[in-house]
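Visitor: Encoded as structure tokens, here's the structure I'll be asking about.
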Amino acid sequence: PTTRVTVVAPHPKDPVVGIGYEDGMVMMVRITDGAEILLRAPDSDPVSAMGWHPSGGAVAFGTQGGRGGLLAF
């Protein structure tokens, strides 16, 4: 089975995207080589919003169930 992407947020400065999925997973992917970093494990609560801080030093996400998170780098 495949899990659909529900939101994509491009990094403001680097060739990186944040990706949220319908199963609740959040990934960060480097475009240049496809390297992936898991930021949030799946939990069946679809990701509905995502955005980067303008400096690129943090990414926030929200889910349909009202959960959210902020990951600073």
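The values are calculated or read from the model by the stated rules, or taken from the named source; none is laboratory data. Quick caveat, the model's predicted, so the values are computed rather than measured. Cβ sites come from the backbone with ideal geometry, for glycine too, and all protein chains shown count toward neighbours. The accessibility values were calculated without ligands, DNA or RNA, using every heavy atom of the protein model including side chains. Shrake-Rupley method; radii C 1.70, N 1.55, O 1.52, S 1.80 Å.
Visitor: I want to confirm something. Restricting to region 22-39 and keeping residues that are part of a strand (DSSP E or B), touching a residue at least 12 places away in the same chain (Cβ under 8 Å) and over 8 Å from the mean Cα position of the chain (by Cα), which single residue is nearest to L71 (Cα to Cα)?
Guide: Per the stated criteria, the residue is L38.
Visitor: A follow-up question, please. Here's a check for you: in region 40-67, which residue that is over 14 Å from the mean Cα position of the chain (by Cα) and under 22 Å from K13 (Cβ atoms) is least open to solvent (accessible area, probe 1.4 Å)?
Guide: S55
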